[in-house]
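Heads up, the thing below is written out as structure tokens.
What follows is calculated from the coordinates using simple rules that are stated; it is not laboratory data. Being a predicted model, the structure only gives us computed values, none of them experimental. Glycine also receives a Cβ, built like all others from the backbone with ideal geometry; neighbour counts cover every protein chain displayed.
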Amino acid sequence: MRKLRRWAFGAALLATGCASGPPLENPVLLRQADTENPILVAPGAPSATTYAEIWERVIDVLDDYFELKPTSRYSGHIETFPAVAPGYDQPWKPGTPDPGNRLIATFQSMRNFAVVDIWAGERGGYRVYVEVYRELEDLPFTMGGGRTPTQSTFRDRPNVDRSFEVVGPETTPARNWVPKGRDYAFEQKLLREIRDRTADCVK
């Protein structure tokens, strides 16, 4: 009888197991190596011709996603106006490749803007540093509980004290945008495109 109990106890231990790691049949997720930020483009001795060509190609990449603010080529600094981020309901519009941000943009208003800096590298070539920021629209709550400012609100009981006011044209409330940090997936996408389009800029 004791042997039978020991055998049953041992079988139960084997069934539950004491492995701390995941089962071997689970797939192992391999993450693709990120592109360095800043990237080095056009390795070699810097020149005015090479810099002008790199500037134009960086502008060409950013222009596919954003409207650019006026800037000088000699500043090496580029800023864009915010662009509304497309969600899954607009798959034809270019934007962030991050599925989580795409999902958020499907149900809430989100926008992105980019900041790019270009300077001569320490050992030749040029460094291109890309930052993409996210902002989420913050709409005030109405009395009805909705987030839309133009939503109508109705009361169950009428007010006894009525005030007569002249109703003017409807004014649009100011839109508030809350910073939500950087979009690293979008930055990686822009860096890869800049690297590919400047691959033949070598002096």
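Each of E67 and N176 was given a label point 7 Å from its Cα along the Cα-to-Cβ line. The distance between the two points is 2.5 nm.
In loop segments of the stretch 35-123 as defined by DSSP, the chymotrypsin sites (Phe, Trp or Tyr not before Pro) with at most 15 further C-beta atoms inside 10 Å of their C-beta are Y88, W92. Cα gyration tensor of the stretch 83-141, axes a ≥ b ≥ c as square roots of the eigenvalues: rounded (a/c below 1.5), prolate (a/b > b/c) or oblate? Taking the square roots of the gyration eigenvalues as a ≥ b ≥ c, the stretch 83-141 is prolate. For the stretch 54-63, backbone phi angles converted through the Karplus equation (6.51, -1.76, 1.60; θ = phi - 60°) give residue-by-residue couplings of 5, 4, 5, 6, 5, 4, 5, 5, 5, 5 Hz, Gly and Pro being listed as x. Given their separation in residues at 0.36 nm each and the Cα-Cα distance between them, D34 and W119 gain 28.5 nm when the chain is fully extended. Subtracting the Cα-Cα distance of Q90 and D200 from 0.36 nm times their residue separation leaves 36.2 nm of extension gain.
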